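What follows is a set of notes on a single structure, which appears directly below.
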Amino acid sequence: MAVNILLGLQWGDEGKGKIVDYLAPQYQVVARFQGGPNAGHTLEFDGIKHVLHQIPSGIFRSNIKNIIGNGLVIDPIVFKKEIDSLSSFQINIKENLFISKKAHLILPTHRLLDQAYEKVKGDKKIGSTLRGIGPTYQNKIGRLGLRVGDLETDKFQEKYQALLKEHHHLLKYLDFEYDDVQANKEFLAAVEFLRSLNLADTEYMLNDSLQAKESILAEGAQGSMLDIDFGSYPYVTSSNTIVAGALTGLGIAPQHIKEVFGIFKAYCTRVGEGPFPTELHDEQGEELRKIGREFGATTGRPRRCGWLDLPALKYATMLNGVTQLLMMKADVLNDFEEIKICTHYQMPDGSLTDRLPFCLNDIKVKPVYQSFKGWQTSLQGMREFDELPKELIEYISFIEDAVKVPITLVSTGPDRTETVLKKEIAIK
Ligand code: GDP
Ligand code: IMO
Ligand code: MG
């Protein structure tokens, strides 16, 4: 039937995992299209909290095919741990999980290289998750990479050894001390495990699903402001996190796309280095971090917090052709007397713009804010749009008017059930 795409519009951690899990029962297939174990997607239901890194967030729903697309980079060691952590749930991995043969493998030496490059950069470091993402995509683009499908050929050892040799060379050149003996053993054991799973030509699976009139939900990782082309380069991740990445990362043609769900927090966070115009360095930033529990789901690092950035949100909406906006973590703002939205940036020459300058690293902008009255009430138990406090409705309307896309879902807590849908707009 169609592909709907759900992706983050900010700097990641918008709440993608929660909403993919929430929407999944309306689909036959959920497919991740880029990134890898740098992602941490949190799901909460029935008193359980679970963080997924490489496995799609439809995995807890029955009768759904979960596909790991060709656009991902997969760490087999992390993957094995992830599957083990699902063992207490009744999930039929054999029936419900499929991995693209064209996805690339992260070696332990990719992780070491990630560390080595960060070390060399010194105070210019990216603040990467150190999961080996950059070096693995580098090898993919450089046409040296090792792919999941190689596991099924008799060329695997040869290709693996060649890549390992190249990495050892580089690590030596970068003057990085390491001992990878144990990790390499673990890697080889983990790839054996991976080989026992469903390795598939997922581009055919997905297109066959479309032919069979099935619906697909494509799950993004990271966020548009971390996109390799359009994010605040070089402080970005190494994949296309925007809608285009879903096409190349799954092997689906554009005419199949129906809805693009753009997900954003009612404020902003960022983890790692790089420009963040609305970052708050005061106690309000501290409050957002404390109330929002803003600590990385993958690395545990404190997330930087700030007010909603409309120029960035508009930019991400434009790049992705967002058809519906989903606003997360509204409840985190419950106790604020005053809430701010950055509507424009003031450029160094004093002029105002609502467009992103070429490079936020070198061009220092000052956020221009509009103030809103806080709702100062709990949103607990609210399930209908018209139950929401009028100040929150005003906040929502302001964003809708500015971005020119409707907000059709408001999230009021981490649990699956803490979700408010706008009735007149169907989510699928
Ligand atoms: P993802 O990477 O986009 O899937 O997001 P993360 O899981 O990294 O971070 C989102 C965090 O916010 C997780 O801890 C979620 O459990 C939590 N969360 C999601 N939606 C809400 C919400 O509406 N309110 C609150 N308070 N927490 C939420
Ligand atoms: P999810 O899918 C937030 C950030 C890192 C770093 C930059 C590059 O959970 O939203 P990388 O390891 O990819 O080379 O790091 O990108 N980053 C994320 N920030 N959420 C994520 O994923 C992220 N994945 C990477 O902190 O600044
Ligand atoms: Mg996350």
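The values are calculated or read from the model by the stated rules, or taken from the named source; none is laboratory data. Quantities reported herein were computed from a predicted structural model and do not represent experimental measurements. Methodologically, a virtual Cβ is constructed for each residue, glycine included, from the backbone with ideal geometry; neighbour enumeration extends over all protein chains shown.
For this structure, a couple of remarks:
Residue-wise test of (1) farther than 28 Å from GLU338 by Cβ; (2) away from ligand 1 (no atom under 13 Å from the Cβ).
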site: LEU250; (1), (2): yes, yes
site: ALA253; (1), (2): yes, yes
site: VAL260; (1), (2): yes, yes
site: GLU283; (1), (2): no, yes
site: GLU286; (1), (2): no, yes
site: PHE295; (1), (2): no, no
site: LYS314; (1), (2): no, yes
site: MET318; (1), (2): yes, yes
site: GLY321; (1), (2): yes, yes
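- Restricting ILE59, ILE99 to residues that are away from ligand 2 (no atom under 16 Å from the Cβ), at pLDDT 95 or above and more than 23 Å from ALA316 (Cα to Cα) narrows the list to ILE99.
- Taking (1) within 15 Å of ligand 2 (Cβ to nearest atom); (2) among the aliphatic types (A, V, I, L, M); (3) under 21 Å from GLY71 (Cβ atoms) in turn, ALA253 satisfies each apart from (1).
- Restricting GLY40, GLY69, GLY17 to residues that are within 16 Å of ligand 3 (Cβ to nearest atom), surrounded by 23 or more Cβ atoms within 10 Å (Cβ to Cβ) and of a type outside the set (Lys, Arg) narrows the list to GLY17.
- Only listed residue being among the charged types (D, E, K, R), surrounded by 17 or more Cβ atoms within 10 Å (Cβ to Cβ) and either over 21 Å from ILE19 (Cβ atoms) or in contact with a Lys or Arg (Cβ under 8 Å, 6 or more places away or on another chain) (or both), chosen from ARG355, ARG304: ARG304
Results for (1) loosely packed, with under 14 Cβ neighbours inside 10 Å; (2) β-branched (Val, Ile, Thr), shown as yes or no for each residue.
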{"position": "ILE126", "(1), (2)": "no, yes"}
{"position": "THR129", "(1), (2)": "no, yes"}
{"position": "ASP154", "(1), (2)": "yes, no"}
{"position": "LEU164", "(1), (2)": "no, no"}
{"position": "ASP175", "(1), (2)": "yes, no"}
{"position": "ALA189", "(1), (2)": "yes, no"}
{"position": "LEU206", "(1), (2)": "no, no"}
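- Scanning the range 245-265 for residues that are surrounded by 24 or more Cβ atoms within 10 Å (Cβ to Cβ) and aliphatic (A, V, I, L, M), we see that the one that is farthest from ALA39 (Cα to Cα) is LEU250.
- For the range 311-340, a residue qualifies if it is surrounded by fewer than 22 Cβ atoms within 10 Å (Cβ to Cβ) and of a type in the set (A, V, I, L, M), and the qualifying residues are MET318, LEU319, ILE339.
- Single condition ASP349 does not satisfy, out of (1) more than 28 Å from the chain's Cα centre (by Cα); (2) part of a loop (DSSP other than H, G, I, E, B); (3) surrounded by 13 or more Cβ atoms within 10 Å (Cβ to Cβ): (3)
- Within the range 195-232, the set of residues being aliphatic (A, V, I, L, M), within 21 Å of HIS41 (Cβ to Cβ) and away from ligand 1 (no atom under 16 Å from the Cβ) comprises LEU197, LEU206, ILE216, ILE228.
- Some residue of the range 54-62 being on the phi > 0 side of the Ramachandran plot, within 14 Å of ligand 3 (Cβ to nearest atom) and either of a type in the set (Gly, Ala, Ser) or surrounded by fewer than 24 Cβ atoms within 10 Å (Cβ to Cβ) (or both): no
Per-residue answers, yes or no, for (1) more than 26 Å from ASP208 (Cα to Cα); (2) more than 10 Å from ligand 2 (Cβ to nearest atom); (3) touching a Ser or Thr at 6+ places or on another chain (Cβ under 9 Å):
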site	(1), (2), (3)
ASP13	yes, no, yes
GLY17	no, no, yes
LEU23	no, yes, no
TYR27	no, yes, yes
ARG32	no, no, yes
GLY36	no, no, yes
ILE48	yes, yes, no
GLN54	no, yes, no
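Each row is one residue, and each column tells you yes or no for (1) polar (S, T, N, Q); (2) touching a helix residue (DSSP H, G or I) at 6+ places or on another chain (Cβ under 6 Å); (3) more than 30 Å from LEU107 (Cα to Cα); (4) within 16 Å of ligand 3 (Cβ to nearest atom).
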position	(1), (2), (3), (4)
MET1	no, no, yes, no
LEU7	no, no, no, yes
TYR27	no, no, yes, no
GLY36	no, yes, no, yes
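- Test for VAL368: is it assigned to a strand (DSSP E or B) and free of Cβ contacts under 8 Å to residues at least 40 places away in the same chain: yes
- Restricted to the range 266-292, and to residues there that are within 16 Å of ligand 3 (Cβ to nearest atom) and of a type in the set (Val, Ile, Thr), the residue that is surrounded by the most Cβ atoms within 10 Å (Cβ to Cβ) is THR269.
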